[in-house]
Amino acid sequence: MTEQSTQSSISTPLKYSGSNYYSERLVVRGNIIEVRPTLRHRLLMSIFAVIGLIIAIVPSFADEKIIWPTIAFGCLFFLIGSIALIGELCEPRPLLNLSLRQLFPKGMKHPNLAVSINTITHLEILGKLVNTPSRKGRRQNYTCYELNAVLQNDERHNILNHGNLKKMREDAHLLADILNLQIQEENLNPEASLPPPSRFNKWAFAILMPLFGLGFLASGCFTLWMLCIKPLYKWNDSRHWTTTPAVIVHSSFAYVRPDAESQRIDIRYDYEVNGHSYRGTRYDFFRSDIYTNPTTSMEQAVADNPIGKHTQCLVNPNRPEEAVLSRAIPPSSIIWFFFPLPFIVIGLFGSSFAFYKLIHK
């Protein structure tokens with residue numbers, strides 16, 4: 001990455017690069033003022049680890065067997081994500097000790113770099129343009145801002161570094177009020193020196209970015225509805241259904257197609273309500289409608305309900321044609337509730353970021 005600054009009178013930005021969103025904040029704890037990553041930044045940094053954990057755990061729970069290749073792949077994702085998260089949390093960040101009247105640019109672990117707060121003449125908010133390489137050799141630009149402490153010898157020490165000017169100003173005024181310092185703003189619009197973006201690129205961003213985020217969000221919400229919300233709603237509603245005698249007339253698995261492994265429980269049973277005969281096809285609310293790889297619990301359900309067995313089912317008193325044989329929630333289904341969450345998080349972040357950029361263009 002490289003950085004550009006349009007004003008030669010301003011010293012080179014202290015940070016080599018920075019995020020284009022609100023990633024750091026000032027936290028005041030008594031006489032200590034320290035820089036911490038924001039909650040959103042920590043959540044974004046943990047997505048890799050969470051996805052890796054889901055990849056490693058979900059298949060094993062769903063199949064109720066240990067699937068070593070999937071576990072190894074998921075653990076690799078989890079390891080990479082954990083290392084990135086720990087590295088971000090452990091990165092030395094500036095700290096001000098008001099009791100000692102010292103600024104520690106790299107935290108208390110590096111006391112040799114400390115400077116006296118009394119030597120700070122003012123605070124500076126500096127805009128910079130960060131260039132990141134993209135596909136096909138092109139470069140993409142985003143604006144980032146620094147909050148620097150300027151010393152009497154014109155030396156600068158970076159305190160904050162992110163892309164949200166409003167939050168940067170809020171933290172700058174908080175620190176300025178505590179230290180009784182002035183704030184200077186320099187080069188807040190570094191993109192002004194760039195040629196204006198083409199109309200095609202502007203419309204492409206305006207259309208494609210929201211669609212990308214909304215597509216992920218819609219996929220995650222639909223999957224969450226099918227795997228979690230809809231079955232749980234029916235499961236909760238069935239608490240008030242009527243227990244009715246039933247006879248198993250069919251017990252096997254239904255396959256997506258003859259040569260496929262994905263299957264669902266296909267158990268049918270006859271029952272009577274008010275002299276009318278009905279045939280139920282739902283075993284439970286979680287494994288009768290969704291095709292998945294065969295599991296031990298699915299095989300056990302079919303084995304426990306052979307043809308001709310007399311059992312009981314639950315019937316919806318308002319719709320006698322609707323019935324269920326079991327209200328149990330299998331553990332293999334619970335873990336799938338977490339599967340859509342990464343899609344929803346990515347969709348929410350992508351959509352909010354796209355609309356934020358459109359509003360502030």
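The table below lists the values:
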item	result
Of residues in region 327-351 being among the small types (Gly, Ala, Ser) and out of contact with any Lys or Arg (no Cβ under 9 Å at 6 or more places or on another chain), the one surrounded by the fewest Cβ atoms within 10 Å (Cβ to Cβ)	Ala328
Selection within region 261-289 - out of contact with any strand residue (DSSP E or B) (no Cβ under 9 Å at 6 or more places or on another chain) and either touching a residue at least 24 places away in the same chain (Cβ under 8 Å) or hydroxyl-bearing (Ser, Thr, Tyr) (or both)	Phe286
Options Asp177, Asp171: the member that is closer than 15 Å to Ile33 by Cβ and either outside the structural domain of His122 (by TED's automatic domain parsing) or buried (at least 17 other Cβ atoms within 10 Å of the Cβ) (or both)	Asp171
Flag for Ala254 being at pLDDT below 90, of a type in the set (A, V, I, L, M, F, W, C) and in a strand (DSSP E or B)	yes
Matching option when the condition is modelled with pLDDT of 90 or more and in the same structural domain as Ser99 (by TED's automatic domain parsing), among Arg156, Arg135, Arg139	Arg156
Residue within region 283-294 that is farther than 21 Å from Leu224 by Cβ and under 32 Å from the mean Cα position of the chain (by Cα) present	yes
Pick from region 109-130, criterion in contact with a strand residue (DSSP E or B) (Cβ under 6 Å, 6 or more places away or on another chain) and not in a strand (DSSP E or B), ranking: surrounded by the most Cβ atoms within 10 Å (Cβ to Cβ)	Ala114
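The values are calculated or read from the model by the stated rules, or taken from the named source; none is laboratory data. Keep in mind it's a predicted model, so treat the numbers as computed, not measured. Here the Cβ is made from the backbone with ideal geometry for all residues, glycine too, and neighbour counts use every protein chain on show.
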